[in-house]
């Protein structure tokens with residue numbers, strides 16, 4: 001777990017990034033603190049069992065992946081309603097500086113681990129979403145393209161009391177001509193106030209030379225709801241963590257995940273929820289398909305705290321193997337400290353059901369088409385959980401593409 | 001049969017386990033662990049050179065390996081200081097390898113096992129019995145008809161002398177090497193006592209054989225080794241029971257169990273563990289199953305302060321199968337971290353793991369399990385089911401399964417539920433005239449029934465009685 005010193009990184013680099021963006025002093029300090037935290041911070045925890053490390057983050061060569069001063073992206077932000085603020089940070093400081101300062105890093109500690117500290121020290125893109133009290137907005141979309149060797153993105157969503165918002169973000173490769181490996185880092189934090197409702201969908205479809213690190217965390221207040229949809233299709237290696245802290249009584253969270261791995265893709269997917277208050281509910285649903293020599297690693301954690309009376313917590317994970325050489329590891333964990341809890345989890349790994357295949361073939365559907373139909377069908381239970389049509393169509397399309 | 005059951009029920013189980021005997025020993029090593037200690041133990045046992053060499057190598061490995069401290073949410077082992085342990089106590093018995101008649105034992109040892117009900121059980125339901133007091137086996141006997149068929153049941157020290165070739169080939173070599181973990185290495189260095197079971201081809205031992213382990217002295221460690229070799233087509237059921245009185249200093253139990261399940265053989269290994277609540281129970285148990293072999297682990301973990309025990313099976317041959325049934329009951333101050341490990345290394349292998357845990361009065365239970373399906377283990381299937389029952393808000397119940405699947409033609413399922421004792425269930429039973437305590441006890445008995453069903457009646461009664469004891473006075 002030793003950390004790597006990146007030579008191209010210095011205080012000067014961080015100061016230059018902050019200056020170019022004309023950032024307030026407090027943010028520069030946050031960045032510099034994150035930079036110095038790199039000396040002691042550790043890489044994210046990875047499951048290790050006798051003879052097997054589930055994901056090897058230490059093998060990543062950050063020296064060659066991180067190019068802090070040449071970050072480039074093209075990001076389109078669209079808002080259906082002007083009551084909500086959707087801006088890059090640089091354009092939001094003047095008017096919303098106080099809101100940003102009050103919330104930035106409050107949900108997701110910049111010094112949480114080596115990769116979050118790196119990301120906060122160096123981010124040059126990302127979005128600030130501010131939904132004032134009582135505002136209800138449906139279609140906020142943030143579509144980004146990555147054009148450089150490395151890109152660090154930081155998103156902050158502040159949803160005030162009784163507000164409601166649906167946000168979709170996507171990241172794809174852009175036109176920038178870069179040879180060799182790339183690194184994309186994406187941090188998202190959501191502060192959801194009393195009775196606020198946030199649905200946050202994320203679609204990652206980067207090219208197969210990109211390494212992706214993504215950590216998304218929400219603080220859910222009294223009667224608040226945060227629903228996540230985390231879809232991973234691209235990248236050579238993806239480490240994705242989606243986490244909800246249910247801190248208010250009656251808070252709810254749903255984490256829906258999908259992934260589809262082909263060739264030598266590696267997905268390390270993590271969904272975690274902490275029940276810290278009374279009457280909270282969580283539902284974690286992940287489904288993934290693996291083809292060729294792709295590999296998936298899943299960890300789900302349902303942590304029920306001592307004060308979390310009357311908790312309901314559910315978790316399901318299913319992996320479908322299309323190829324003999326694919327590998328799937330799974331660890332669904334329950335940590336229960338309050339007995340007034342109803343909790344369950346399940347995980348399965350299997351292949352396309354031979355009888356289902358036979359049935360379709362007997363209806364004169366050729367075996368390739370039949371298999372594809374069954375794979376599409378496998379995703380239906382998670383697609384049904386996605387309330388936004390646009391997002392569901394995107395996911396369906398990507399599944400379809402991979403099945404050709 | 002029923003009158004016998006009643007009698008067993010009537011016995012005061014608590015008194016049966018809690019009594020202490022004055023420590024009286026013929027030979028006792030100094031506290032702590034040095035090469036000298038290991039040499040002294042080996043010499044006292046008059047062991048062949050190769051065994052001493054194995055012990056010394058294990059000691060070296062023990063000293064090199066760090067204490068396991070980085071497992072997620074593992075029990076606190078900081079109190080376990082091996083230098084505070086008396087690794088070897090030979091009780092004052094004239095016959096070195098134990099006697100085969102209870103009446104030949106010194107009174108206080110005989111009295112101990114009488115109170116535990118061992119001679120009684122031997123008469124009624126067992127093919128053979130071994131009893132270990134401190135570090136040495138003091139009693140070993142087997143019914144003649146099994147001996148005639150070539151079945152061997154003797155204490156491990158005797159086996160080193162009498163069945164040297166078999167032991168040399170199988171003892172801590174391919175199943176549990178000392179390098180497996182720090183406590184396996186410790187075990188390899190200072191093991192003493194335990195059982196050796198050998199069942200020849202196509203022999204079915206249709207009544208269980210039993211070993212009973214008793215720690216009586218304060219601050220001692222017990223490190224018995226059990227080696228079971230079941231040849232092709234054979235069948236045997238081995239039962240172990242453990243207990244110790246409670247002292248203020250901690251005790252350490254670090255046993256080693258190795259089971260070789262031959263082609264189409266069937267071995268069942270049952271444990272009812274009731275160590276006193278100052279004992280650290282850090283065991284390594286493992287089986288290797290050949291083609292068509294079947295291994296069953298049945299474990300009831302009731303006692304100890306902290307347990308870290310994950311019986312494992314390596315399914316090495318085509319069609320081998322494994323069945324784990326575990327029950328953990330953690331009361332006040334107990335941390336029972338237990339589970340199962342199964343490696344599917346061949347096609348058409350099957351495993352089922354059924355885990356039940358109960359936590360109350362601030363106790364913690366954790367199911368920690370690993371199922372690994374290797375590439376090429378086609379048409380293998382595994383089903384894991386964990387159920388946990390919690391009594392109160394001070395208790396903790398964790399579930400940490402790990403699944404590693406390197407093969408696509410498999411069927412893998414894991415399921416777990418956690419719940420509290422249902423108010424409705426209790427209300428129903430109360431409406432039938434049961435009081436609150438009885439109702440809860442009944443629900444718990446029902447919860448663990450899948451386990452008790454698998455045990456011979458004497459043990460099932462025992463287990464139920466222990467659960468009742470744990471439940472007494474609980475007003476959750």
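When segment A:49-82 is filtered for residues that are within 21 Å of residue A:146 (Cα to Cα) and part of a helix (DSSP H, G or I), the ones remaining, listed by number, are A:62, A:63, A:64, A:65, A:68, A:69, A:70. Quick check on segment A:310-335: of everything there that is at the interface with chain B (Cβ under 8 Å from one of its Cβ atoms) and part of a loop (DSSP other than H, G, I, E, B), which residue is surrounded by the most Cβ atoms within 10 Å (Cβ to Cβ)? So the residue we want is A:326. All of (1) buried (at least 24 other Cβ atoms within 10 Å of the Cβ); (2) over 21 Å from residue A:349 (Cα atoms); (3) within 14 Å of chain A (Cβ to nearest Cβ) hold for residue B:361 with one exception: (1). Within segment B:45-98, being part of a helix (DSSP H, G or I) and modelled with pLDDT under 75 holds for no residue.
Inspect segment A:310-319 for any residue being in contact with a helix residue (DSSP H, G or I) (Cβ under 8 Å, 6 or more places away or on another chain) and in contact (Cβ under 8 Å) with a residue 40 or more places away in the chain and give the result as yes or no.
Taking segment A:310-319 and keeping what is in contact with a helix residue (DSSP H, G or I) (Cβ under 8 Å, 6 or more places away or on another chain), we get A:318.
Remaining after also requiring in contact (Cβ under 8 Å) with a residue 40 or more places away in the chain: A:318.
Yes, that holds for at least one residue.
Taken together, the residues in segment A:5-57 that are in contact with a helix residue (DSSP H, G or I) (Cβ under 9 Å, 6 or more places away or on another chain) and touching a residue at least 60 places away in the same chain (Cβ under 8 Å) amount to 26. When B:461, B:418 are screened for being in contact (Cβ under 8 Å) with a residue 24 or more places away in the chain, in a helix (DSSP H, G or I) and either outside the structural domain of residue B:383 (by TED's automatic domain parsing) or under 30 Å from residue A:332 (Cα atoms) (or both), only B:461 passes. When you scan segment B:426-436, do you find a residue that is facing chain A (nearest Cβ under 10 Å) and at negative phi, even just one? No, segment B:426-436 contains no residue that is facing chain A (nearest Cβ under 10 Å) and at negative phi. A residue that is surrounded by fewer than 24 Cβ atoms within 10 Å (Cβ to Cβ), over 16 Å from residue B:371 (Cα atoms) and either free of Cβ contacts under 8 Å to residues at least 12 places away in the same chain or more than 7 Å from every other protein chain (Cβ to nearest Cβ) (or both) occurs somewhere in segment A:343-353. Scanning segment B:385-405 for residues that are surrounded by fewer than 21 Cβ atoms within 10 Å (Cβ to Cβ), facing chain A (nearest Cβ under 7 Å) and free of Cβ contacts under 8 Å to residues at least 40 places away in the same chain returns a single hit, B:393.
Assess whether residue B:370 counts as being within 14 Å of another protein chain (Cβ to nearest Cβ), crowded, with 17+ Cβ neighbours inside 10 Å and touching a helix residue (DSSP H, G or I) at 6+ places or on another chain (Cβ under 6 Å).
Values: within 14 Å of another protein chain (Cβ to nearest Cβ): yes; crowded, with 17+ Cβ neighbours inside 10 Å: yes; touching a helix residue (DSSP H, G or I) at 6+ places or on another chain (Cβ under 6 Å): no.
So residue B:370 fails the test.
Determine, yes or no, whether residue A:301 is at pLDDT 95 or above and at the interface with chain B (Cβ under 10 Å from one of its Cβ atoms). The answer is yes for residue A:301. Look at (1) part of a helix (DSSP H, G or I); (2) at pLDDT below 75; (3) crowded, with 18+ Cβ neighbours inside 10 Å and you find that residue B:5 fails only one, number (3).
Residues of segment A:379-397 include none that is farther than 25 Å from residue B:378 by Cα, buried (at least 17 other Cβ atoms within 10 Å of the Cβ) and within 14 Å of chain B (Cβ to nearest Cβ).
Closer than 17 Å to residue B:130 by Cα and out of contact with any strand residue (DSSP E or B) (no Cβ under 8 Å at 6 or more places or on another chain): which single residue out of B:114, B:46, B:70 fits that description?
Details: B:46 fails: closer than 17 Å to residue B:130 by Cα; B:70 fails: closer than 17 Å to residue B:130 by Cα.
Among B:114, B:46, B:70, only B:114 is closer than 17 Å to residue B:130 by Cα and out of contact with any strand residue (DSSP E or B) (no Cβ under 8 Å at 6 or more places or on another chain).
Give segment B:225-253 a look and list any residue that's at pLDDT below 90, under 23 Å from residue B:176 (Cα atoms) and in contact with a helix residue (DSSP H, G or I) (Cβ under 8 Å, 6 or more places away or on another chain), or say none. The answer is B:239, B:241, B:252.
The values are calculated or read from the model by the stated rules, or taken from the named source; none is laboratory data. Computed from a prediction, not measured in an experiment: that's the story for all the values here. We place every Cβ from the backbone using ideal geometry, glycine too, and count neighbours over all the protein chains shown.
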